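Step one of this worksheet: look at the structure below.
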Amino acid sequence: MQNGTIKLEATPYVGTYDGQEHDALSNISVEPSDAKLEYSINGGKYSEEMPKIKDTSEFTVTVVASKEGYKTVSITETIKVNKANGSLNLSSYSGTITYPNSTAFTVSGNTGALSVSSSNTNIATASLNGNTVTVKPGTTAGKATITVTTEETINYTSKTATYEATVKNGSIDLRVTPYTGAYDGRQHNAVTVNVTPSD
């Protein structure tokens, strides 16, 4: 007596990370339908439980179909979850600062740890505290690009966003008041000077 032949087909999961758990294989078709299915990940121990995939990774799944009186068959498929695109939003993407004042904006939706840098620290510097970026003017007027980066993680790619800081020189307020008065025989300053900033 000759063994029957089992027909086995399956579709491997290949997708982009979405935070959801997925069956490693779908559209499993086996004839006869009551054949026993067992799964192995990367050639490891076999189990009747369908492997799941969630985080970014790549591995092979071998599925074996067996039934008494039939020749056992197997197929091996590569399962893959790709990294999703990183995300990063700024509450503002540009601003003008007049020396010595500073400004700040917030970062949201980031998918990894944050870092920040300035294209020209003579014009503007940037510092990070939690999700708040503080931009301080340097000693030179002009434009500087503040780059915020969310780092690559196991499931997300790195992403950058930029803020354009325009720095203007501060203004000095100078008020000069001439001395006026009747002769009193004393020496007086010819003018009184008030200046802001005082230094």
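The table below lists the values:
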item	result
So Thr72, is it at negative phi and either under 35 Å from the mean Cα position of the chain (by Cα) or exposed (fewer than 11 other Cβ atoms within 10 Å of the Cβ) (or both)	no
Qualifying positions in region 151-164 - β-branched (Val, Ile, Thr) and over 24 Å from Glu58 (Cα atoms)	Thr160, Thr162
Candidate set from region 25-39 (those that are of a type in the set (Ser, Thr, Tyr) and exposed (fewer than 15 other Cβ atoms within 10 Å of the Cβ)); member that is farthest from the chain's Cα centre (by Cα)	Ser33
Residue satisfying all of: in region 107-133; exposed (fewer than 15 other Cβ atoms within 10 Å of the Cβ), under 14 Å from the mean Cα position of the chain (by Cα) and touching a residue at least 24 places away in the same chain (Cβ under 8 Å); nearest to Gln20 (Cα to Cα) among these	Ala113
Residue match in region 164-173 (condition: over 18 Å from the mean Cα position of the chain (by Cα), over 26 Å from Thr96 (Cβ atoms) and of a type in the set (Asp, Glu))	no
Residue list for region 134-191, restricted to those being among the basic types (Lys, Arg) and open to solvent by 90 Å² or more (accessible area, probe 1.4 Å)	Lys136, Lys143, Lys168, Arg175, Arg186
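The values are calculated or read from the model by the stated rules, or taken from the named source; none is laboratory data. On a predicted model such as this, the values are computed, not experimentally measured, just so you know. All Cβ positions, even for glycine, are placed from backbone atoms using ideal geometry, and neighbour counts span all protein chains on display. In case anyone asks, the SASA skips ligands and DNA or RNA and just uses the protein heavy atoms, side chains included. Shrake-Rupley method; radii C 1.70, N 1.55, O 1.52, S 1.80 Å.
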